[in-house]
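Below: one structure, written as structure tokens.
The values are calculated or read from the model by the stated rules, or taken from the named source; none is laboratory data. Quantities reported herein were computed from a predicted structural model and do not represent experimental measurements. Glycine gets a Cβ as well: all are built from the backbone with ideal geometry, and neighbour counts include every protein chain shown.
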Amino acid sequence: MNENQCVQQVLSGNTSAFAYFVETYQDMAITIAHRICGNMQDAEDVVQESYVKAYRNLHSFRSESKFSTWLYRIVYNTAITHTKTRMWMGSQETEIENASELSENTLEINLEEMDRKEVVSDILQRMQKGDALLLTLYYMEDNPVKEIAKITGLNEPNVKVKLFRARKMFKELLAECYSMEDVGFN
Amino acid sequence: MKENRKEHDEEIIRKMMQPEMKKAPENLKYRIMHQINTEKALTPQKKKPGKESGNLLREMGAIFGSMYAVLSAMVIGAYLLQGKDFLLTPQFIGPVVLVASVFSLFWLMTRLDAYLKIRKK
């Protein structure tokens, strides 16, 4: 059964068919929500609210886009409303903010004791929420730029620029933790 | 060369990012489905739009159709029992007028009722 058939089943009154969407996309949904909210408790509430919104508005889902894109857009908007976060600051603001965080945090963290996963998690937390979210969407789910643009409401060139900066920032922060050769970068 | 390096870097970042995927707790699916089922149960089902009270032609057809059916039965009965001449007597025309008046009055009342309902809305 494909997704469109599932959607039709839910619309015709079979709510249990909606479980397929919950099961398939809940991990990525919670990852997105966690990236924006910053904690698991709020992320869970946001994901629950998002799924209920998706169910209520399923009749407005157009099959031209992927269900996942449509759902993640709802999660993104709900999380932003929930946290009242301003996701996209100017690039200068970002760099200044991150530069100050770098100088403050690098001494506090004993990097020798952290494994790679924790380092990545820490780096993503230090990055601006929007940048971390872009990396999450791009690398975890292999979403193309076009889909990311739909989810975040940014235009495609903007996503590309922000993604480039986010990648650069990620590498710079990573370089603070590991030597680049250790990680595998040339 | 530059392109290869870029791809290589991309692959490393991808590998580093993959384990960062959060795992939804076991009960989240249950919570979501429970809320959806509750909402569905509490949401009143959409009622099919009822008969339009002001449907003039349908009402007229029903009331006057019945009237003509009753009158036809009266005519046939009188013809068979009393003969053709009886149909022109006041004893027959009187009840016919009465039946027609009752049905017409009934139709007028339904129209008045429909009008008042619309006005009330």
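With the condition kept exactly as written, say whether any residue in the range A:53-60 is surrounded by 16 or more Cβ atoms within 10 Å (Cβ to Cβ), among the aromatic types (F, W, Y) and closer than 23 Å to A:A149 by Cβ. Checked against the condition, which is being surrounded by 16 or more Cβ atoms within 10 Å (Cβ to Cβ), among the aromatic types (F, W, Y) and closer than 23 Å to A:A149 by Cβ, the range A:53-60 yields no hits at all.
Here is a yes/no grid of residues against (1) of a type outside the set (A, V, I, L, M, F, W, C); (2) farther than 28 Å from A:A17 by Cα; (3) at pLDDT below 90; (4) in a helix (DSSP H, G or I):
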residue	(1), (2), (3), (4)
B:S66	yes, yes, no, yes
B:A73	no, yes, no, yes
B:D85	yes, yes, yes, yes
B:L108	no, yes, no, yes
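Which pairs do you get when a residue that is facing chain B (nearest Cβ under 8 Å), found in the range A:27-43, comes within reach of a residue that is of a type in the set (K, R), reach meaning Cβ atoms under 8 angstrom, with the pair 6+ apart or on two chains? Here the result reads A:D27/B:K22; A:D27/B:K23; A:I30/B:K22; A:I30/B:K23; A:T31/B:K22; A:H34/B:K22; A:M40/B:K22; A:A43/B:K22, each pair linking the range A:27-43 to a residue that is of a type in the set (K, R). Summed over the range B:105-121, the residues that are over 23 Å from the mean Cα position of the chain (by Cα) and without any contact (Cβ under 8 Å) to a residue 24 or more places away in the chain give a count of 3. Here A:N155 passes the criteria (1) under 30 Å from A:Q48 (Cβ atoms); (2) modelled with pLDDT of 90 or more except the one numbered (1). Hey, among the residues in the range A:44-59 that are within 10 Å of chain B (Cβ to nearest Cβ) and aliphatic (A, V, I, L, M), which one's farthest from A:L11 (Cα to Cα)? Checking each candidate, the answer is A:V47.
Give the residues of the range B:26-37 that are within 7 Å of chain A (Cβ to nearest Cβ) and of a type outside the set (K, R), sorted by residue number. Passing the criteria: B:L28, B:I32, B:M33, B:Q35, B:I36, B:N37.
Exactly one residue among A:V161, A:V145 is more than 16 Å from B:Q18 (Cα to Cα), at pLDDT 90 or above and surrounded by fewer than 14 Cβ atoms within 10 Å (Cβ to Cβ), and that residue is A:V161. List the number of the failed condition for B:M33; all other conditions in (1) within 30 Å of A:R165 (Cα to Cα); (2) in a helix (DSSP H, G or I) hold. B:M33 satisfies every listed condition except (1). Looking at the range A:11-26, which of its residues are facing chain B (nearest Cβ under 9 Å) and under 24 Å from A:T81 (Cβ atoms)? Passing the criteria: A:F18, A:V22, A:Q26.
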